[in-house]
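Let me begin by presenting the structure, written as structure tokens, before commenting on it.
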Number of protein chains: 4
Amino acid sequence: MLKNRKTIHIEWGDCDPAGIVYFPCYFVFFDNCTAALFEAAGLPTYEMIKQHGIIGIPIVDTRARFLAPSRFGEDVVVESSISEWRRSSFGVHHRLWKGDTLAVECFETRVWAARSASNPERIEGRPVPPEIIRKFGDRRPARTKRQGRGK
Amino acid sequence: MLKNRKTIHIEWGDCDPAGIVYFPCYFVFFDNCTAALFEAAGLPTYEMIKQHGIIGIPIVDTRARFLAPSRFGEDVVVESSISEWRRSSFGVHHRLWKGDTLAVECFETRVWAARSASNPERIEGRPVPPEIIRKFGDRRPARTKRQGRGK
Amino acid sequence: MLKNRKTIHIEWGDCDPAGIVYFPCYFVFFDNCTAALFEAAGLPTYEMIKQHGIIGIPIVDTRARFLAPSRFGEDVVVESSISEWRRSSFGVHHRLWKGDTLAVECFETRVWAARSASNPERIEGRPVPPEIIRKFGDRRPARTKRQGRGK
Amino acid sequence: MLKNRKTIHIEWGDCDPAGIVYFPCYFVFFDNCTAALFEAAGLPTYEMIKQHGIIGIPIVDTRARFLAPSRFGEDVVVESSISEWRRSSFGVHHRLWKGDTLAVECFETRVWAARSASNPERIEGRPVPPEIIRKFGDRRPARTKRQGRGK
């Protein structure tokens, strides 16, 4: 199962008047880390969107715990992996490390999303294509596995 | 119990290539809404920080559900309130409305935080002063209530 | 000639570890103020883009002078107006006031831009439609004026 | 004379609904590139601020020309160098390359800034210490050069 590691240099502009990372910036980091995870799986966002006719993989749910602050000048490492594949959505798990300290942990639920054919202003979920899931060397969703096509 | 409503105009720069709000921007909105809630309680951040010797009210946990997307040019309304007071932390609840549709819901846990006297690089929680809690016309933490000073 | 005034509340997250506005945020403010100026002229971005088949009004040149810092909790006022119409581009002038003090001044040159018909990945300037310019109650570009169709 | 090169991966969240970099993000890039230039000179921001008692090196003037757009997924390279040292300020020059194409060019004027001793709310320029200038292997300001200590 694919796991990606990305080093992030905390910048001055990532930090707030308390001198520590302004927390919405962590979600920017994690969004970039999800993109980097897909790129590591051979799925750079720009090409993936064009080839599969999706608008992206928007988030529908996220949860984060901030355990230790970071400040500008520090390097942190984010480990990212897919935690679960569902029919038209999937989970991503990020752990941000400051040395050996788990500083932030984040869970994302994202949707494989396209514009509705009947109303292009509407965005709707689509089944995640099996070839996408396969790129992560990952278990398929339960239903697929029972059909004997799982890894 | 104080509830604050803040109208937010979604800007072009809040949106991503899918044309909808880039989700970390929602956390910026909610952070601003927490500040607006405190300001509505008579506690503008700048003065509160100076008077109480804190560095701010950093987040330690957050959870958000994104139910409907928004795009630039739209006005949304965020309703914010304190969901719970604990000893040195408290919960904030935000609901972002697009007309009658609940579009995003977010829960934050924040800490009343100061620099450690022994090591200014270290940030630590401090008991939320009762006069702060009182400003929200709110129930005190359980221990305080048992002492008969609750609302 | 249309001039728009927009009040901006400086937020905690707009500021850096020095406690003052992180300067790229000023460009976000000014971008929003240009959108507000167009909206005041009856041209909200979303509708303008759809009706005129443009991708937006991207910036090709900007210059800013930062004369006095601002910090979170302060309200500033930005005065915005079109400084010049050219064939496919135009100038916008922003002045950010802190009370009576001119705190930031910014000049933008923007282009009326569309995707190239032959290559949709390519963005190209298009002549600004006269009905757009008219909405600002403004002089047309010099060449047009000489043709006697100016205001 | 020190020149620093920094590769930047354009992220989804750096881009706007037109699918190209939202221009204020370029100023974030350039701010990070100035920090990287100083770090390359042996002056990481956090340590520099602490050692020299400054609040940072805020911008007082900037000019940028946007010659070609970039989109998410692209890698660009920024070349940064000090263009001039003045008494308490200095110029930084950034050129952002997309392959062989100069895509953005930016000039910054920054100040060596500290809190006023008499009024800590006030920020004021201080003479740039000669040992800072020396780190860039650079010509001193004109006055210093005339005293025969120039490179």
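Using a cut-off of 12 Å between alpha-carbon atoms, which aspartates and glutamates can reach C:LYS98, once sequence neighbours fewer than 8 places away in the same chain are excluded?
List returned: C:GLU74, C:ASP75, C:GLU79.
Can you give the mean number of other chain Cβ atoms that lie within 10 Å of the Cβ atoms in peptide B:49-59?
On the way: counts 6, 0, 0, 0, 0, 1, 6, 7, 2, 8, 7.
Shielding by partners across B:49-59 averages 3.
Expressed as an acute angle from 0 to 90° and rounded to the nearest 10, what is the orientation of the C-alpha long axis of helix C:24-40 relative to the principal long axis of chain C?
50
For the protein assembly as shown, state the average projected area of the convex hull of the C-alpha atoms over all orientations, rounded to one decimal in nm². List each step's numbers first, then the result.
Values: hull surface 132.4 nm².
Averaging across all directions leaves 33.1 nm² for the Cα convex hull.
Taking every alpha carbon pair in the stretch C:20-91, what does the distance histogram look like in 10 angstrom bins from 0, in percent?
14, 48, 28, 10, 0
In whole percent, what relative contact order does chain A give with Cα contacts below 8 Å and a gap of six or more residues? Could you put the intermediate results ahead of the total?
Details: 280 pairs, mean separation 37.5, N = 151.
Value for chain A: 25 percent.
Please report the buried accessible area for the interface of C with D, total over both chains, probe 1.4 Å, in Å² to the nearest 100.
Details: alone 8770 and 8760 Å², together 15520 Å².
Buried surface at the C/D interface: approximately 2000 Å².
Between D:THR101 and C:ARG71, what is the label-to-label distance in nm when each label sits 7 Å out along the Cα-to-Cβ direction?
Rounded to a tenth, the inter-label distance reads 4.4 nm.
What does the accessible area of C:CYS25 come to, in Å² to the nearest 10, when a probe of 1.4 Å is used?
Here the residue's solvent-accessible area equals roughly 20 Å².
What does the convex hull of the alpha-carbon atoms of chain C project to on average, in nm²?
Numbers: hull surface 41.1 nm².
The directionally averaged projection comes out at 10.3 nm².
Suppose only helical runs count, i.e. DSSP H with n ≥ 4. What mean residue ellipticity at 222 nm does that imply for the protein assembly as shown under -39500 (n - 2.57) per run, divided by all residues and rounded to the nearest 500 deg cm²/dmol?
Values: 12 runs with 124 residues, N = 604.
Helix contribution divided over all residues of the protein assembly as shown: -6000 deg cm²/dmol.
To confirm my reading of the symmetry, which residue of chain A has the Cβ nearest the axis that brings A onto D, and what whole-Å distance does it have?
A:VAL28, 5
The values are calculated or read from the model by the stated rules, or taken from the named source; none is laboratory data. Just so it is clear, the model here is predicted, and its values are computed rather than measured. Heads up, the Cβs are rebuilt from the backbone with ideal geometry, glycines too, and the neighbour counts pull from every protein chain shown. The area values use the complete protein model at the heavy-atom level, side chains included, leaving out ligands, DNA and RNA. Shrake-Rupley method; radii C 1.70, N 1.55, O 1.52, S 1.80 Å.
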